[in-house]
Amino acid sequence: MSNGTRKRPSPPFQPSPGPQPKIQAFSQEEELADEDLFRDETLICEDEESLILRDIEQRQTLASRLAKWTRPPLSSEYLSQSRSIIFQQLEIDYVIGESHKELLPNSSGQAAIIRIFGVTKEGHSVCCNVHGFEPYFYISCPPGMGPDDISRFHQILEGRMREANRNSNVPKFVRRIEMVQRRSIMYYQQQSSHTFLRIVVALPTMVTSCRGILDRGIQIDGIGMKSFMTYESNVLFALRFMIDCNIVGGNWIEVPAGKYKTEKSLSYCQLEFDCLYSELISHAPEGEFSKMAPFRILSFDIECAGRKGQFPEPTHDPVIQIANLVTLQGEDQPFIRNVMTLKLCSPIVGVDVMSFDTEREVLLAWRNFIRDVDPDIIIGYNICKFDLPYLIERAETLKISEFPILGRIRNSRVRVKDTTFSSRQYGTRESKEVTVEGRVQFDLLQVVQRDYKLSSYSLNSVSAHFLSEQKEDVHHSIISDLQNGNAETRRRLAVYCLKDAYLPQRLLDKLMFVYNYVEMARVTGVPISFLLSRGQSIKVLSQLLRKAKQKNLVIPNVKQAGSEQGTYEGATVLEARAGFYEKPIATLDFASLYPSIMMAYNLCYCTLVTPEDVHKFNLPPESVNKTPSGETFVKSNLQKGILPEILEELLAARKRAKADLKEAKDPLEKAVLDGRQLALKVSANSVYGFTGATVAQLPCIEISSSVTSYGRQMIEHTKKLVEDKFTTFNGYVHNAEVIYGDTDSVMVQFGVSSVKEAMELGREAAEYISGTFIKPIKLEFEKVYYPYLLISKKRYAGLFWTKPDNFDKMDTKGIETVRRDNCLLVKNLVNNCLHKILIDRDIPGAVQYVKSAISDLLMNRMDLSLLVITKGLTKTGDDYEVKAAHVELAERMRKRDAATAPNVGDRVPYVIIKAAKGAKAYERSEDPIYVLENNIPIDPQYYLENQISKPILRIFEPILKNASKELLHGSHTRSISISTPSNSGIMRFAKKQLTCIGCKALLSNRDRTLCSHCKGREAELYCKTVAQVSELEMLFGRLWTQCQECQGSLHQDVLCTSRDCPIFYRRKKAQKDMAEAKLQLDRWNF
Amino acid sequence: METMEIDSEKNLVRQQCAYYSLDEAFGIQKETYRGQQYSQIYFARLHLMRTLLYSLVSNWKPHLPVCRVLALEQGKECIIVGTLYKHMKLKPCILDEYSKERSATPLVQPHNFMHADDHLVLEDESGRVKLGGNILSLLDVLQETEAGEFLVQDFLEAGLPPQIKLPLISTGDKYVVFVSGLSIGSDNCNPLQVQLLIDHITGHLGDEKEQSIASQIVHVVIAGNSIEIPCGLLNGQNLASKDLSRLSEPIKELDILLSQIAAGLPLDIMPGPGDPANFSLPQQPLHRCLFPGSSAYNTFRSCTNPHLFELDKISFLGTSGQNIDDLEKYSEAKDKLEFMERTLRWRHLAPTAPNTLGCYPYTDRDPFFIESCPHVYFVGNQDKFATRVVKGSEGQLVRLISIPKFSETGVAVTLNLRDLECHALSFGTQLSS
């Protein structure tokens, strides 16, 4: 990230040809502090532009089709500029340009121009260029520095800046230095303010470079070499602007009539204008302004014709289809559905099919489509990592220089940049960044990965999970065949492609992502794009900066001392008394424990008293709190903390949103409010994390360790109070017992046997104990678990009751149900056992169930799809240090058939098969299809020992005495049946001879079905055979018709090879078993 | 074998009639599962129907163009022939087995899966389209609406197939007895009732008059579910030998009963959903080894389900009830006979196969297509006895019979071959004291 030479964003505002200014990018120490708005733009020279024009003319027909899709025309009021423009902004960035002569008559040269993109409520697109906002930061003023010293200091700094930025021809680097009264947010201070210097620089990137100079130290006459602590020098420019103008992400902005000027048209937006930053009116998202503008959301998907056995690469493989759906925010059906195909494609009902002869035309048609439809939000599945970069790199390969003009700025090309996103919470991800100016990219894959923990993130399993729909999956080796077929096969592909474009839209709607993310942006005040591209901390920082600004506080740019600042003791967990509780267990929860603690004890950066200051200030003991971890914080009468204030506001706002939600009738309004209360809750909870994260903007271990120490104390306190008060001694029927306690909840067994009584006691306890805490810490009674299976710390299951009459659901925690590397059998077993134990209250039934499942496994009667384990292939075999089962298998499959073998990026499904003694686990993995086709025996012992045993024993140990002996070694494990592989060496020498269906005795040549011994039992044996056939036929019918349904066609063969689909292997197996069973049945035709 | 030997002056002689089996089309002897899917049977069906319907279109709406789903244009009227598919929200789905909320699935299977949100889709080889407007059948006049939905203005169904004229000559009353759902081995089964039925058929019951009627019974058809194997016996994987014998107990019993009938007159036995036969349609004849006693008679015929045969040139078509029961789950009609009538008009015996009704994946034909109109169309294992005559536009006359389950109602059905009149034959064992 650092020390690289990068092209500066070239100003699109001066379309004069000639050398673009290049400035050395400064070395940057912190990734997070990096200004993110480098725009690589190159201008298109004149003749290229005319080429595009001609290109458009040639496609008049297409253009007229596209014209239908353009935005509604501007009304005369807009055209005459007689009305104010009110719009909801979605994206804010900035460019470097010549400063506006009319709006800013006093300045000249280059300046940062903020661009705000948005939509009016009529659906017009808006591009607002904001002028006059200057980048700045603070340093503390050395004592004794007067106005004269400052002007000298200014000169020195200017000189140093010029030295560091030799390539830049900016007339003045440091615009001005002002003396202001501020206070640092860090530590409790007795003076109300100090003198700070506000350094205003010419361009946003200079903040970093200037900070570097000041950090390293600067020689000042009279004072000598001095290095400065900088304040708020790591705030991104766009965020700085938003904070200072009170703009939050996704809110409505008004520019009054007469205050804006429209002259140039540099973007494709309908309304483009220039104005001063002071003229913007930012509306708080309330009432009328809490609504959503009718954004245009484009969902798209591309198909590429890969070569056999290889994942498509943009340098070789053509883009053959692009499917698009455009939906207006708030409507449930897309108003545009189309697909662009390479070569002729048969029509699809309700879809505009556009076929082209060359790939160039396909790509350009899509580019034109984007320009005409002008989407505000672009969504899709894995578009950021695959679809968008692929299109751009493909256009580069084909030398279509005019393709990547996808943003809203005319003549500005989109480029692909490799980025790494790293966050403690989400881990490090490599990805490609494609910046499409003015349009928000919302990749559903990234969002789902962020917000949900799932066992697989393929589009198929994600839509199965959220929409309960299976998706047809066409293997990429077939895609080329379909493309090379005829118009019909390409149509088939187009239908598939459309579905892939439709599912992200459905997911977006179903999971309310637009509402939730816009609300999150509004609550935290960051642009929507930050929510996806950045971690948690920016959200808290944004709120902190806003609050600090109100209070005249400034936030230091803390140098991160090393990677780890040391860790602190986390949350406490009371010892779990494992067992199966058949009496109701009341659960007492602390409502938003950590935020409450911070509020109750006024924990903040600005209330923390350093150990030295404790003595120095000599604070009276009644106005400080000493936390259990030994820190000292002042109480709110001396200094109200900022964090508690932010939290109070968030929680109050949440209360309000929830109340409004109850009142609201309109479903769209409800969606907004629900999104808001969720965002507020998440935000309140992330404040604690912000102070504790070691690699963050402003870590403060003193705060976070105090929070957890109070938390621990409270759990212990609660336990003690409950067990002291609810005793037979105090007149209660039973002695209460705390059986378990986690971070913010305590589980109590009051000893009563009905849910109702437990609820009453729970309420009483919650009220009693709450009274002993400082407000707003509150213990709430919410639920009763009955029955409750407590396995160990953080692992439990129980039925969840909030009303005395029926239970709400089955609640499980920490029990293997979603782990990726488990086979489906484990998940089913665990779920069914819990169901039997908790809901049916049938422990013998559960035991029987496990036994029969184990017996099925050993007797080779298990449905293979339950045994499939799936792992992602992230690197090729050589790159793995340790041999892994799925990697080895991928290698072996490549040798068998390179075309269908999994590639890097694919998920590899496998089963563990029986092999020679001593074979390593990784040698025993096999492709499930291969196993099915060749009757290869699976290894039941592996599944028993490595997959089933642990999770099952965990559940049964609290219930059964000899769980392991009973379940895993009982008589049901005695008989084992292993199928004979049809391809093994020895079988080639075997002579096949019919055996009796009844007793397996070898048959003499005359008999074909039964031996003479079994002749009398014909009827019963036939019944058995035919019953098997009958069962298989039923399964066959149900499975294959389901697949027809899923693919959406009855008259075409099912092609789907989705290995994520639970019935894929079953379907294959049913087909094969059916053929075998039919042969068996035919033997009866004597 | 002996007819009825009664010490009366007049010896009654059992009437005879000519029997001709047409079950060949439903046999699956040579067909095998080789990995074929269900698309081919749909294709074959569509092909048959299209040829048929195209010939009708010229008389129906000659001014309209006939086209494929893909060639539809907005605002233009046209005719499309295609397979109707009903999207149903409540239709059970095998994927539900894998859904997370196991407890959410209702324990009792609903009788009918209809829901207000269901909608129809018309599909041909080229594509599918959602239907709107006045809907119900196999051929539709459509006009494209804005939303890519197609407005059905009118529809044409294939109508009753052509019928061979009823033979005129008829010497007198001849009866065919239909019975279904004997359920030997179930708790409902009343052995005395079954024995009464058999005694009646074989003429061992009643006075001379009744015996003379019995002597006019020329044929017996058992339309499915003759045996009920105690549930759960076949699910278990390892059967103990005593279970095995319990399994074959009802079969032996049935064999004894059937041999009594077969000794007297011809008997057709069709497999039903509960019998030891394969599951998917067409169900293959019950294996002869199940009936060592009765299969010795040449009057005993084990048949397929559906079953197609002729008696004295009168053609009979019938099933053990799966086709009609399945229709009932996914659509509505005022009674079972109406469902039966619909299948005739659609010229398809099992319109819901293979989608919700299991059937063999044929590759080159659709045996359920009704080529010629039967004179008698019966369906077994229904709740109650009902009958009606349906008239076709070309003078076809079809007798519809819904045969009730004998074990529950004690009712069998007789049909007079002379005039195709139909009566219930009720056996009671309740002695009123």
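The values are calculated or read from the model by the stated rules, or taken from the named source; none is laboratory data. None of the values given here were measured: they were computed from a predicted structure. Using ideal geometry, Cβ is built from the backbone for each residue, glycine included, and neighbour counts are taken over all protein chains shown. Accessible surface is based on the protein model in full, side chains and every heavy atom, while ligands, DNA and RNA are left aside. Shrake-Rupley method; radii C 1.70, N 1.55, O 1.52, S 1.80 Å.
Miscellaneous remarks
- If you go through segment A:1050-1064 and keep only what is assigned to a loop (DSSP other than H, G, I, E, B) and more than 7 Å from every other protein chain (Cβ to nearest Cβ), you end up with A:L1055, A:C1056, A:T1057, A:S1058, A:R1059, A:D1060, A:C1061.
- Any hit, segment A:620-628, residues being out of contact with any Phe, Trp or Tyr (no Cβ under 7 Å at 6 or more places or on another chain), more than 20 Å from A:L553 (Cβ to Cβ) and outside any helix (DSSP H, G or I): yes
- Residue match in segment A:1038-1046 (condition: assigned to a loop (DSSP other than H, G, I, E, B) and either of a type in the set (S, T, N, Q) or assigned by TED's automatic domain parsing to the domain that holds A:Y930 (or both)): no
- Of the criteria (1) open to solvent by 30 Å² or more (accessible area, probe 1.4 Å); (2) at pLDDT 80 or above; (3) within 22 Å of A:L1050 (Cβ to Cβ), which one B:G35 fails: (2)
- Counting only residues that are more than 9 Å from chain A (Cβ to nearest Cβ) and free of Cβ contacts under 8 Å to residues at least 60 places away in the same chain, segment B:35-49 holds 1 of them.
- Long-range neighbours under 7 Å by Cβ, at least six apart or interchain, first residue facing chain B (nearest Cβ under 9 Å) within segment A:1065-1082, second open to solvent by 30 Å² or more (accessible area, probe 1.4 Å) and among the basic types (K, R): A:A1075/B:R34
- Among the residues making up segment A:471-488, a single one is part of a helix (DSSP H, G or I), open to solvent by 40 Å² or more (accessible area, probe 1.4 Å) and at pLDDT 85 or above: A:N484.
- Among (1) part of a strand (DSSP E or B); (2) open to solvent by 40 Å² or more (accessible area, probe 1.4 Å); (3) under 19 Å from A:K914 (Cα atoms) - the single one A:R861 does not satisfy: (1)
Table: residues versus (1) surrounded by 14 or more Cβ atoms within 10 Å (Cβ to Cβ); (2) more than 19 Å from B:L344 (Cα to Cα).
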{"residue": "B:V376", "(1), (2)": "yes, no"}
{"residue": "B:G380", "(1), (2)": "yes, no"}
{"residue": "B:D383", "(1), (2)": "no, yes"}
{"residue": "B:G392", "(1), (2)": "yes, no"}
{"residue": "B:G395", "(1), (2)": "no, no"}
{"residue": "B:V398", "(1), (2)": "yes, no"}
{"residue": "B:I401", "(1), (2)": "yes, no"}
{"residue": "B:E408", "(1), (2)": "yes, yes"}
{"residue": "B:A412", "(1), (2)": "yes, yes"}
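- If you check A:L498, A:L493, A:L531 for being more than 28 Å from A:S192 (Cα to Cα), under 19 Å from the mean Cα position of the chain (by Cα) and buried (at least 22 other Cβ atoms within 10 Å of the Cβ), only one passes: A:L531.
- Among the residues of segment A:1036-1047, the ones that are facing chain B (nearest Cβ under 7 Å) and of a type outside the set (D, E, K, R) come to 6 in all.
- Hey, B:D124 at pLDDT below 60, closer than 23 Å to B:N355 by Cα and either among the basic types (K, R) or not assigned by TED's automatic domain parsing to the domain that holds B:L357 (or both) or not: no
- Failed criterion for A:Y601 (all others in (1) modelled with pLDDT of 85 or more; (2) surrounded by fewer than 19 Cβ atoms within 10 Å (Cβ to Cβ); (3) farther than 30 Å from A:I955 by Cα hold): (2)
- Residue match in segment A:331-348 (condition: within 14 Å of another protein chain (Cβ to nearest Cβ), among the hydrophobic types (A, V, I, L, M, F, W, C), more than 28 Å from the chain's Cα centre (by Cα) and surrounded by fewer than 20 Cβ atoms within 10 Å (Cβ to Cβ)): yes
For (1) among the basic types (K, R); (2) more than 9 Å from chain A (Cβ to nearest Cβ); (3) part of a loop (DSSP other than H, G, I, E, B), each residue gets a yes or a no:
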| position | (1), (2), (3) |
| --- | --- |
| B:Q15 | no, yes, yes |
| B:Y20 | no, yes, no |
| B:Q29 | no, no, yes |
| B:Y33 | no, no, yes |
| B:S58 | no, yes, no |
| B:P62 | no, yes, yes |
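- Counted residues, segment B:352-374 - those being open to solvent by 40 Å² or more (accessible area, probe 1.4 Å) and either within 14 Å of another protein chain (Cβ to nearest Cβ) or among the basic types (K, R) (or both): 3
- Residue count, segment A:302-328 (criterion: surrounded by 21 or more Cβ atoms within 10 Å (Cβ to Cβ) and within 27 Å of A:Q88 (Cβ to Cβ)): 3
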